[in-house]
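The values are calculated or read from the model by the stated rules, or taken from the named source; none is laboratory data. Small disclaimer: the values here were computed from a predicted structure and weren't measured. Here Cβ is always computed from backbone atoms with ideal geometry, including for glycine, and neighbour counts include all displayed protein chains. Ligands, DNA and RNA are excluded from the accessible area calculation, which covers all protein heavy atoms including side chains. Shrake-Rupley method; radii C 1.70, N 1.55, O 1.52, S 1.80 Å.
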Amino acid sequence: MQASREEILSVLRKWLEDRSTVRVLFWFSSATGSLTGLVIKAAEDAIVVSQPEVDEDTPPGTLMAISLAHANGFAFADPAEAVSAEHRKLLESEMESTIMIFLITGERFAIAALPESHRQGFDAA
């Protein structure tokens with residue numbers, strides 16, 4: 001469902017306060033990718049997600065900064081909105097809720113709070 005900037009920032013600030021593990025996915029015209037980490041900034045101008053050092057293969061300080069200067073739309077999705085009980089169960093196994101950020105260029109970001117079963121290594125960070 002569509003959401004306002006203020007509603008999205010409220011969700012992100014809750015994830016920041018709760019130290020929820022999140023996965024950021026992005027789709028650009030020339031690249032796609034993802035990063036799993038913790039929200040360390042949720043402000044009017046930008047969102048920052050940082051991947052804590054969880055083992056010797058993870059460089060400290062790996063992060064993604066998302067400028068909201070060119071955001072022109074926001075959405076929020078929750079597994080409870082699934083079209084069927086089976087679909088809801090599948091979604092709940094992968095995420096608690098998701099926000100979407102749409103840019104004027106047509107590119108987009110999704111940030112999903114992960115369930116406890118996906119938080120290995122992040123709880124100690």
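For the reader, a short list of remarks on this structure follows.
- Remark on Leu114: its backbone amide H falls under 5 Å from those of Thr21, Val22, Arg23, Glu96, a criterion applied only to residues 5 or more positions apart or on other chains, H modelled at 1.01 Å from N.
- The stretch between Glu7 and Asn72, if pulled fully straight at 0.36 nm per residue, gains 22.0 nm over its current Cα-Cα span.
- HN-Hα J in Hz across segment 27-32 - Karplus 6.51, -1.76, 1.60, θ = phi - 60°, x for Gly and Pro: 10, 10, 4, 10, 7, 9
- A Förster radius of 22 Å, combined with the Cβ-Cβ distance separating Ser30 from Lys89, puts the computed FRET efficiency at roughly 0.05.
- Residue order by solvent-accessible surface for Leu25, Leu103 is Leu25, Leu103, largest first, with ligands and nucleic acids left out and a 1.4 Å probe.
- In terms of accessible area, using a 1.4 Å probe and ignoring ligands and nucleic acids, Trp15, Trp27 rank largest first as Trp27, Trp15.
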